Amino acid sequence: MELSRRTFTALAGTAALGLALAGSGAATVGNGTRTVPTGPPPAPPRADGRRHEVGFDRYSLLVDGRRLVLWSGEVHPFRLPGPSLWRDVLQKLRAHGHNAVSVPVPWNVHSPAPGEHDFTGVRDLGLFLTMAAEEQLYVVLRPGPYLGTADLDAGGFPGWLTVAEGAATAADPAYLEHVEAWLGAVDAVAVRHLFTGGGGTVLLYQVEDRYEGPGGRGPADAGAGAYMSRLCRKVRADGIDVPLFHNDARAEGLWAPGSFPAVTGKGKDGWLYGVESSPVPGEAPADLGHFGGRGTGARADARTPGFVAGATVGASDPWGGATSGGKGYIEVRARRDPAYVRGVLLTGLANGITLHNTRVAAGGTSWGWLAAPHVYTSYDHGAPIDQARRPTAKLAPLQQLGHLLRTVPDLARLEPAPAVRPGDDRLKVYHLANPDTGAQVYVLRNDSDEEVRSALPGTGVDVPVTVGARDARLLATGLGLGRRRLAFTTAQPLFGMTVGRQDIAAFVGRSGETAQVALDCEVQPLTNRLDLEPAWSYDRGRLNVVTPLGVGGLSRVLIEGGDSDTPMLLLFADDATAQRLWPHETPSGPLLVYGPPLLRSAALRGSTVHLTGDITGETGLEVWAPRGITAVTWNGRPVRTTVSRAGSLVMEGLMPATPAPSLPVLTGWRRRAENPESEPDFDDTRWTAADRTASPGTTPVPGGQPVLFADDYGFHYGDVWYRGHFEDARGATSVSLSYSTGTQGLLMAWLDGKPLGTHRMPVPDEDTADRGTWTATATFRVPGKLRGRGRHVLSVLVRRMQQEGDTAGAGEPAAGRGTRRAARGLTGVGFTGASPEVSWRIQGAGAPDRVRGAMNNGGLYGEREGWHLPGYGDDRDRGAWKAVDRPREDRRRQGVTWYRTEFRLGVDPDVDASVGLVLDDDPGRAYRVQIFLNGWNMGQYINDVGPQHTFMLPNGILRTRGTNTLALAVLSDGTTPAGPGEVRLTLVGAARGGVPVEAVESPGR
């Protein structure tokens, strides 16, 4: 919602309209015994070089003796391959109320071979941790070694580990050696960034991921307990002294403190109990604390605070879109909308959850062969910040609660209070109280499909309250707001702060509702409405203010005198307006900004506040600043302001909208056919001989045949070629090729250069969407003219797709944390009518790209030859590369065809443009496209499966002010014309502001 000129007038006061509204006092609870009292939270974290103490009690974390409610969002920097953009997302998290970021560190991303650990370039963990500290965010570090919750190839295990000798399970010494080498490499980086040592802001450290051990018994299994204990000892020995934790997928007390020897030398004090939460849309969120079952959730341990280590507010969508009904992540986000998120968050808060991590907070791209087999390239996940780095409406509840928890310390220590029976039993009411301050908190949740309006007897809320369908709301009574006291409110408190010489309290609700706020005032104050919408009355010691929400933007009411000499400004906003209110802390005190869609930073120098942020549409600017501030700059430019009745500096006029950058039409395409490997005279003598007779994997080797599994020969990612040589095809009427892949794998076969056909794995449905391994046998007729004596070559291309994760963590009767996996590639070959002896050779990806890493490339000929790289020289080799109008071929041909072009962008340097590549065509055409931008594998498009059609091109890899190389590798089964009918660039979003973007190294030929 852009802001109107009416919102940013001089805010002149008008006469107040008195309303006769009844009032009564609110119930209170006496203070109880406490160790750490309710009080201000610790200052925002930074790398200050000082020692800090981090502990906890049953209510919350304790940082330097102060209570901290952890409000974290998970980010996958490995799915945003542009380090400059990490800062963009971190700034958006912090601005939207988060005080922490959770970051998984995938083993497979950083380890191309045993003993090798790469933390450079787009894998620079130290740089990410430095940025998080600079942006004043705590870090929750999740190095695995397994990361099933991150939807990664093999669950985050490197491909080489799946076939490493003697490393099949968590009990094997070889596996433990590899794990300890990995953790040691991560810890060597992390120890320099620990908040306890002042080097950074790493606050918590997760050990393993949803690990349940054999049979799901957890620490009841001696081997599982020994494994977890060993990991903890390793981490402590490496100098990691912050609290450790694990995430219990079932919230049934697995790995609760005291269930196994987690930490040596510190007893049970260094171990937190965390749980996972994945509420289903349309169902009530589970009670994982105060109101849950004994021994479950946070009640599994009464000595530690409630901790939801992973609250899923989106969902991954499989190939074909079974989760989204084929509509993609737009539908995922619609089904898990802001009301859904609010219900999840508030139910957690009501249950005493004071450590909360949203998974995932920002979407990304599963570039290369990074993803788990069941998900496609986009990892938007329906996240609050989408794949294009745009804040969405789903950020509203996270932002609102984050600011509330930061500025209203009463919520850090809440205990269950006497039950409340609402007038309408469709409402569920959680009643809590702070034993120190007497503040009463009510979480109302409506699990019905209709809006509910109900009285709340006995709460002190004197008027009926409305809660939307499948929505929730937090109300409070007896809450201290600055130097005044809140009697009750029908709108949710948003934040409370003191800026300069006045207190500011903000309230938020749905657009179209009427908010009512009552303050206890023994002496009637002077009350002025500064906008047309609010109305007020004073009666028998209570000031009542009512206003509609969402009418004209922000509504302001100024209260002066009465019980306090400090003025109070009441602000009222609907959800959309609240997403333009930006509380911000500076060394000189808090400030508040209203208007722009994002505030990134604020610095005070002399009498000027220097603000940076983003502008999309036309908007105004209003600033409440510390005392002595009289001038404002925005993104380095002075802003002319006047002082308003609300005590703010208001911009004269409006900041203009950001014009949309123009994008070029993609022309100048050049085409070259590939797959020479299918030809009988292709030289494969340098390929690896596939002659092993045994495999460490879980797939049986057919009797009398060699091992053909790709991983056994070191080819872990992307396409794999096979060439089988034999001498006599007499009598052979057909050949059967058995193969095993991840979701949407395929196989193409040729005999003596003649195509035999293509086989594809089926599109998953709801029942098979999570299947990790697919197997099939493709049988092809051998043409009569190829059934003779002499030398024959059977050529097979398998798109193996990705590797499945570990099922041992899901309560299945598996042997602990297993590394072994089902095969990828060919698994067996047989002929009907003949039994020739076949000698096999295999070829996959070449040596790992030193910049892009091992997961960027597969084994296509063009990849091995560098056709995907900038500067390849296709424009000079006109004999091989034919100029074409578009990347499409109307003739039917089984195999691979490459297309290349270049395009130049000229986006203004102060505009952050999110650019995507759109591929579209008749869904009846059967082909797929691998997309390379400046040599980076940006994903796979499957035309007749979908649902993804737009592929993000991340800035840094994308030169927004320079020349880019785009290469498309088209795989066709030969049954239809192949190549996208439409290929174009699209502007997904643009904002004036952003962060400086450095080019990501993209070496070419």
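Considering the stretch 981-999, and only residues there that are farther than 25 Å from residue 618 by Cβ and part of a strand (DSSP E or B), the residue that is farthest from the chain's Cα centre (by Cα) turns out to be 982. The residues on offer are 680, 656, 661, 626, and the sole one that is assigned by TED's automatic domain parsing to the domain that holds residue 555 and at pLDDT 95 or above is 626.
At least 3 residues being within 26 Å of residue 567 (Cβ to Cβ) is the threshold, and among the strands (runs of 3 or more DSSP E) wholly inside the stretch 427-489 those reaching it are 471-477, 479-481, 484-489. The C-beta contact set for the stretch 220-243 (first residue over 16 Å from residue 817 (Cβ atoms) and in the same structural domain as residue 186 (by TED's automatic domain parsing), second residue of a type in the set (Asp, Glu) and surrounded by fewer than 16 Cβ atoms within 10 Å (Cβ to Cβ), distance under 9 angstrom, 6+ apart or interchain) comprises 243/269.
Among the residues of the stretch 889-905, just one is surrounded by fewer than 14 Cβ atoms within 10 Å (Cβ to Cβ) and touching a strand residue (DSSP E or B) at 6+ places or on another chain (Cβ under 6 Å), namely 904. Just one residue in the set 60, 72 is in contact (Cβ under 8 Å) with a residue 24 or more places away in the chain, under 29 Å from residue 956 (Cα atoms) and under 27 Å from the mean Cα position of the chain (by Cα); that residue is 72.
Assess whether residue 851 counts as being among the hydrophobic types (A, V, I, L, M, F, W, C), in contact with a Leu (Cβ under 8 Å, 6 or more places away or on another chain) and farther than 30 Å from residue 169 by Cβ. Here the answer is no, as residue 851 does not meet what is asked.
Please find, among 388, 361, the residue that is modelled with pLDDT of 95 or more and buried (at least 23 other Cβ atoms within 10 Å of the Cβ). Can you show your working first?
Working: 388 fails: buried (at least 23 other Cβ atoms within 10 Å of the Cβ).
Exactly one of 388, 361 is modelled with pLDDT of 95 or more and buried (at least 23 other Cβ atoms within 10 Å of the Cβ), namely 361.
Within the stretch 143-160, the presence of at least one residue that is surrounded by 23 or more Cβ atoms within 10 Å (Cβ to Cβ) and in a strand (DSSP E or B) is confirmed. In summary, residue 119 fulfils each of the numbered conditions (1) surrounded by 24 or more Cβ atoms within 10 Å (Cβ to Cβ); (2) in a loop (DSSP other than H, G, I, E, B) with the single exception of condition (1). The listed residues are 167, 171, 181, and the only one of them that is assigned by TED's automatic domain parsing to the domain that holds residue 221, part of a helix (DSSP H, G or I) and over 26 Å from residue 359 (Cα atoms) turns out to be 181. In the set (1) touching a residue at least 60 places away in the same chain (Cβ under 8 Å); (2) in contact with a Leu (Cβ under 7 Å, 6 or more places away or on another chain), the condition left unmet by residue 634 is number (1). Go through the residues of the stretch 825-835 one by one and say whether even a single one is assigned to a loop (DSSP other than H, G, I, E, B), touching a residue at least 12 places away in the same chain (Cβ under 8 Å) and not assigned by TED's automatic domain parsing to the domain that holds residue 971. Yes - at least one qualifying residue is present in the stretch 825-835.
Among the residues making up the stretch 184-215, those that are part of a loop (DSSP other than H, G, I, E, B) and of a type in the set (Ser, Thr, Tyr) are 196, 201, 211. Kindly evaluate residue 303 against the criterion of being touching a residue at least 60 places away in the same chain (Cβ under 8 Å), outside the structural domain of residue 763 (by TED's automatic domain parsing) and surrounded by fewer than 24 Cβ atoms within 10 Å (Cβ to Cβ). Yes. A single member of 514, 489, 498 is among the hydroxyl-bearing types (Ser, Thr, Tyr), surrounded by fewer than 22 Cβ atoms within 10 Å (Cβ to Cβ) and either under 19 Å from residue 404 (Cα atoms) or in contact with a helix residue (DSSP H, G or I) (Cβ under 6 Å, 6 or more places away or on another chain) (or both), and it is 498. Please verify whether residue 588 is more than 31 Å from the chain's Cα centre (by Cα), surrounded by fewer than 22 Cβ atoms within 10 Å (Cβ to Cβ) and within 27 Å of residue 558 (Cα to Cα), treating the condition exactly as stated. Answer is yes for this residue.
Within the stretch 400-426, the set of residues being out of contact with any His (no Cβ under 9 Å at 6 or more places or on another chain), in contact (Cβ under 8 Å) with a residue 60 or more places away in the chain and in a loop (DSSP other than H, G, I, E, B) comprises 408, 413. Can you confirm whether residue 562 is assigned to a loop (DSSP other than H, G, I, E, B), in the same structural domain as residue 459 (by TED's automatic domain parsing) and more than 20 Å from residue 647 (Cα to Cα)? Against the criterion (assigned to a loop (DSSP other than H, G, I, E, B), in the same structural domain as residue 459 (by TED's automatic domain parsing) and more than 20 Å from residue 647 (Cα to Cα)), residue 562 does not qualify. Picking from residues in the stretch 462-475 that are surrounded by 22 or more Cβ atoms within 10 Å (Cβ to Cβ) and without any contact (Cβ under 8 Å) to a residue 60 or more places away in the chain, the one that is nearest to residue 521 (Cα to Cα) is 475.
Could you tell me whether the stretch 196-214 includes any residue that is over 18 Å from residue 147 (Cβ atoms) and modelled with pLDDT under 90?
The answer is yes; a qualifying residue exists.
Checking each residue in the stretch 732-776 for being over 21 Å from residue 941 (Cβ atoms), under 42 Å from the mean Cα position of the chain (by Cα) and small (Gly, Ala, Ser) picks out 738, 740, 749, 757, 772, 776. Just checking, does the stretch 707-727 include any residue being over 30 Å from residue 320 (Cβ atoms) and either assigned to a loop (DSSP other than H, G, I, E, B) or assigned by TED's automatic domain parsing to the domain that holds residue 168 (or both)? Yes, some residue in the stretch 707-727 is over 30 Å from residue 320 (Cβ atoms) and either assigned to a loop (DSSP other than H, G, I, E, B) or assigned by TED's automatic domain parsing to the domain that holds residue 168 (or both).
The residue list 672, 627, 640 contains one member that is in contact (Cβ under 8 Å) with a residue 60 or more places away in the chain, within 27 Å of residue 567 (Cα to Cα) and surrounded by fewer than 19 Cβ atoms within 10 Å (Cβ to Cβ), which is 627. Of the residues making up the stretch 749-768, those that are in a strand (DSSP E or B), at negative phi and in contact (Cβ under 8 Å) with a residue 40 or more places away in the chain number 6. Look at the stretch 678-694 and say how many of its residues are assigned to a loop (DSSP other than H, G, I, E, B) and either surrounded by 19 or more Cβ atoms within 10 Å (Cβ to Cβ) or in contact with a His (Cβ under 7 Å, 6 or more places away or on another chain) (or both). Number of matching residues: 1.
The set of residues from the stretch 397-420 being of a type in the set (A, V, I, L, M), farther than 18 Å from residue 61 by Cβ and surrounded by 23 or more Cβ atoms within 10 Å (Cβ to Cβ) comprises just one member, 398. Every test in (1) farther than 16 Å from residue 672 by Cα; (2) assigned to a strand (DSSP E or B) is passed by residue 947 save one, and that test is (2).
The values are calculated or read from the model by the stated rules, or taken from the named source; none is laboratory data. Because the structure is a prediction, the values reported are computed rather than measured. Don't worry about glycine lacking a Cβ; one is built from the backbone with ideal geometry, like all the others, and counts go over all protein chains shown.
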